[in-house]
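Below you'll find the structure, written out as structure tokens, and then a few comments.
The values are calculated or read from the model by the stated rules, or taken from the named source; none is laboratory data. Remember, predicted model here, so these are calculated numbers, not experimental data. FYI the Cβ positions are ideal-geometry reconstructions off the backbone, even for glycines, and counts take in every protein chain you see. These accessible areas exclude ligands, DNA and RNA; they are computed on the full protein's heavy atoms, side chains included. Shrake-Rupley method; radii C 1.70, N 1.55, O 1.52, S 1.80 Å.
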Amino acid sequence: MRARASCFGAGTIVNAIATGNGVAFGLALRASATAETKPEAFGVRVDGANGVDSALALSAARHVLRQSGIRIGLAISVDSEIPMSRGLKSSSAVANAIVLASARALGAKLKPLEMIRIGVDAALDAGVTLTGAYDDACASFFGGIVLTDNRYRKILGRDRFPDDLVAVVQVPARMIPKAILKGIDFASIRPRVEAAFRLAQRGDYFRALEANSAAYASLLGVDEAPAVRARQAGAIAAGISGTGPAIIALAKPAHVETIRRAMEESGSDVRIVPLNTVESRVVVA
């Protein structure tokens, strides 16, 4: 049996690292995975493109195999257009896509939240997340806005932005791997991040995004100047995504080109990205 699944990246409204509570929203940047069953002796093999983390891919596929209880091999191929280690949730999207494709190829009847849990476990095992990134995984899988308690893996709320918004995303060349964040003490910004989360709970997502960005930027060494320029150019809200260094500006279409030019910098790529509001999909071949 062969199955192919696509999941999407996400952006940050409130980063969960400091408090355990997070808010994320879907971005239409795609990660796709194909899973094909093989004889058991084949084991699990991964063919990844665009720098996909092989440890994460192997971990995700093996978690699904263990959950299914089936003794069989899996061939996994992965392709992703999501820049890695920039805060755009590439790991969540890749893990979700592999779990979804593998489950369908194996005939394992797993519910969406079960698949998300497996992907989170795989990401933790592979060391590509500090908290499990349950908020990112849910936004990647379901689309729209998702508020979560990452400690208890609980969805606290779901919502969506107005339909006429798009994201302008500045993607710097440099990466911020999760391994270099392990020595940072996030306790100092906890009150500010808690305040940002309360804003999000009230539906004030734009102020929450900017409050979160201001709290994390200096601690992470991410320059907020592109976000400031984006706001001056007409963005409704702008700030760092995840642990950066990517900056996301939310805007109406009439302002997108002006904002894109304002965010341009040497060594960075600026992309216009639609928001994602649809659930992940799978095709059986």
Name the lysines eligible as straight-distance cross-link partners of Lys252: C-alpha to C-alpha under 25 Å, and not fewer than 8 places from it in the same chain. Lys89
Please find the FRET efficiency linking Ala41 to Arg2, where r is the Cβ-Cβ separation and R0 is fixed at 22 Å, and quote it to the nearest 0.05. 0.75
Build a GNM of the chain with springs between Cα atoms under 10 Å: which of Ile236, Ile13, Ile184 gets the top mean-square fluctuation? Ile184
Between Gly143 and residues 5 or more places away or on another chain, the pairs with built amide H atoms under 5 Å apart involve none
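Given the convex hull of the Cα atoms of the chain, what is a quarter of its surface area in nm²? Write down the numbers at each step before the final one.
Details: hull surface 54.5 nm².
Computed as one quarter of the Cα hull surface, the answer is 13.6 nm².
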Listed residues Ser68, Ser80, Ser218; largest mean-square fluctuation, Gaussian network over the chain with Cα springs below 10 Å, found at Ser218
Using label points projected 7 Å from each Cα along Cα→Cβ, tell me how many nm separate Ser218 and Lys111, to one decimal. 4.5 nm
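Would you mind finding the longest exposed-site-free stretch of the chain, with exposed trypsin sites (Lys or Arg not before Pro) meaning DSSP loop and at most 12 other Cβ atoms within 10 Å?
Values: sites that count: Arg71, Lys109, Arg174, Lys182, Arg202.
The answer is 203-285.
If the viscosity is 1.567 mPa s and the temperature 4 °C, what translational diffusion coefficient in µm²/s does Stokes-Einstein give for segment 184-285 when Rh comes from Kirkwood over Cα pairs?
Details: Rh = 14.9 Å.
My calculation gives 87 µm²/s for D.
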Under 5 Å between amide H atoms, partner at least 5 residues away or on a different chain: which partners does Lys38 have, H built in plane at 1.01 Å? Gly73, Leu74, Ala75
Cross-link partners of Lys109 among lysines (Cα-Cα below 22 Å; sequence separation of 8 or more within a chain): Lys38, Lys154
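So in segment 1-108, what percent of DSSP beta bridges are antiparallel if you round to the nearest 5? Don't skip to the end; give the middle numbers.
On the way: 20 of 25 bridges.
Beta bridges within segment 1-108, antiparallel portion: roughly 80 percent.
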Within the accessible area of the chain (1.4 Å probe), percent carbon and sulfur: 49 percent
Report the GluC sites (Glu not before Pro) located in segment 1-84 that are in a DSSP loop and have at most 14 other Cβ atoms inside 10 Å of their Cβ, or state none. none
Among Gly234, Gly11, Gly144: highest mean-square fluctuation, GNM of the chain, C-alpha pairs under 10 Å: Gly234
Excluding ligands, DNA and RNA, what is the solvent-accessible area per residue of the chain at a probe of 1.4 Å, expressed in Å²? 41 Å²
Pulled fully out, how much extra length does the chain show between Leu181 and Arg261, if you take 0.36 nm times their separation in residues and subtract their Cα-Cα distance? 25.7 nm
Once whole DSSP H runs in the chain are found, which of them have Cα atoms spread over 15 Å or more along the helix axis and a mean Kyte-Doolittle score of at least 0.5? 90-106, 112-126
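Normalising by the residue count of the chain, find the relative contact order in percent from Cα pairs under 8 Å and 6+ residues apart.
Numbers: 730 pairs, mean separation 73.9, N = 285.
Computed value for the chain: 26 percent relative contact order.
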Would you calculate a helix-derived [θ] at 222 nm for the chain, using -39,500 (n - 2.57) for each DSSP H run of n ≥ 4 and dividing by the full residue count, to the nearest 500? -11000 deg cm²/dmol
